[in-house]
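Beneath this line is the structure, given in structure tokens, with notes to follow.
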Amino acid sequence: MRTLNPDKVAAFKFANGPVGCLLTHGFTGSPFEMRELGEYLAGKGLTVLCRPLPGHGTSARDMLKTNWHNWYRGAVDNLAELSKSCEKVFLCGMSMGGTLSLHMAAHYARRYKVAGVAAYGAPIYLKNILLPILPLAKKVLTFKPPSESDVADPAAKEAQESYDRTPLECISSLLELLSHVRNDLQDITVPALLIQSTKDNTVHPPNVWLVHKLLGSSDKTVIEVNRSYHVITVDYDKDIVKEKTYEFIRRVAKL
């Protein structure tokens with residue numbers, strides 16, 4: 001079982017101006033997948049924070065001890081910390097990190113100065129032929145074996161720091177989170193940017209259009225990219241993600 005490189009998956013913070021960006025990584029992922037985006041936004045004068053979610057950034061055995069409530073609480077704690085030093089905060093999340101960002105936008109926008117949310121490949125449902133047998137599989141297996149990479153770029157795939165297997169119990173917990181967020185979307189009124197790869201091999205690409213349809217916000221944009229697999233923050237389309245995210249923040253925050 002793989003143990004991640006602690007230096008590559010460490011939390012990071014860049015303290016700059018009054019506009020902050022909370023970056024949240026994905027399910028089984030780590031801050032590594034958000035670092036390039038974070039450095040880019042910091043270079044534009046934004047304050048940036050990214051920390052590992054509970055059970056992430058170490059080994060899959062640690063993740064096994066956690067559930068979506070722990071991940072969400074960790075994300076909210078990070079938001080609370082960042083809001084203390086910023087006048088406005090933007091939530092930017094990859095995959096489940098995007099789903100958690102949407103959840104926070106629904107419940108904490110006013111309390112923690114949330115000005116907008118950007119979600120990349122964020123699921124609100126999963127489509128996998130194996131999901132119906134998940135309850136049975138959990139009785140005989142603890143972890144889902146390694147599957148194909150969710151990064152298309154060979155160099156990025158080699159560098160990626162994420163778990164090589166997934167606790168089945170955590171998949172069940174993720175599904176519970178998704179059901180909550182589906183019901184939350186109508187309560188989100190801050191501007192939203194949704195970026196989705198049409199070649200995503202983890203999250204069914206039509207997710208993004210359902211999120212867009214259900215969002216309560218009147219200011220909502222979908223951008224589709226077509227060279228990457230799932231983790232678009234490190235894959236072939238990462239520059240588009242960086243540029244479009246900053247354009248969104250600059251417009252909404254009136255920078």
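The values are calculated or read from the model by the stated rules, or taken from the named source; none is laboratory data. Predicted model, so just to flag it, every value in this text is computed and none were measured. Note: ideal-geometry Cβ built from the backbone for every residue, glycine included; neighbour counts use all protein chains shown.
Tabulated values for the structure
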| read-out | value |
| --- | --- |
| 1 or more residues within 25 Å of Thr166 (Cβ to Cβ) and touching a Leu at 6+ places or on another chain (Cβ under 7 Å): qualifying strands (runs of 3 or more DSSP E) within segment 1-70 | 19-24, 47-50 |
| Yes/no for Glu169 being closer than 17 Å to Ser95 by Cα, of a type in the set (Asp, Glu) and surrounded by 15 or more Cβ atoms within 10 Å (Cβ to Cβ) | no |
| Residue in segment 42-62 that is nearest to Arg250 (Cα to Cα), counting only those that are in contact with a helix residue (DSSP H, G or I) (Cβ under 6 Å, 6 or more places away or on another chain) and buried (at least 19 other Cβ atoms within 10 Å of the Cβ) | Val48 |
| Any hit, segment 70-80, residues being closer than 21 Å to Asp219 by Cβ, polar (S, T, N, Q) and buried (at least 20 other Cβ atoms within 10 Å of the Cβ) | no |
| Of residues in segment 116-160 being of a type in the set (Val, Ile, Thr) and in a loop (DSSP other than H, G, I, E, B), the one farthest from Val190 (Cα to Cα) | Thr142 |
| Conditions (1) in a loop (DSSP other than H, G, I, E, B); (2) aliphatic (A, V, I, L, M); (3) out of contact with any Ser or Thr (no Cβ under 8 Å at 6 or more places or on another chain); number of the one not met by Ile171 | (1) |
| Whichever residue in segment 84-115 is of a type in the set (Gly, Ala, Ser) and surrounded by fewer than 24 Cβ atoms within 10 Å (Cβ to Cβ) and, among such residues, is farthest from Pro191 (Cα to Cα) | Ser85 |
| Residue in segment 135-162 that is surrounded by the most Cβ atoms within 10 Å (Cβ to Cβ), counting only those that are hydrophobic (A, V, I, L, M, F, W, C) and out of contact with any Lys or Arg (no Cβ under 9 Å at 6 or more places or on another chain) | Leu141 |
| Qualifying residue in segment 135-143 (condition: modelled with pLDDT of 95 or more, under 21 Å from Thr28 (Cα atoms) and β-branched (Val, Ile, Thr)) | no |
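Every residue, every condition in (1) surrounded by fewer than 19 Cβ atoms within 10 Å (Cβ to Cβ); (2) out of contact with any Pro (no Cβ under 9 Å at 6 or more places or on another chain); (3) part of a loop (DSSP other than H, G, I, E, B); (4) not aliphatic (A, V, I, L, M), yes or no:
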| position | (1), (2), (3), (4) |
| --- | --- |
| Asp164 | yes, no, yes, yes |
| Arg182 | yes, yes, no, yes |
| Ile195 | no, yes, no, no |
| Asp200 | no, yes, yes, yes |
| Val231 | no, yes, yes, no |
| Asp235 | no, yes, yes, yes |
| Glu243 | yes, yes, no, yes |
| Glu247 | yes, yes, no, yes |
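Results for (1) under 15 Å from Tyr112 (Cα atoms); (2) out of contact with any strand residue (DSSP E or B) (no Cβ under 7 Å at 6 or more places or on another chain); (3) of a type outside the set (S, T, N, Q); (4) at pLDDT 95 or above, shown as yes or no for each residue.
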position	(1), (2), (3), (4)
Gly57	no, yes, yes, no
Met63	no, no, yes, yes
Asn70	no, yes, no, yes
Val76	yes, yes, yes, yes
Leu82	yes, no, yes, yes
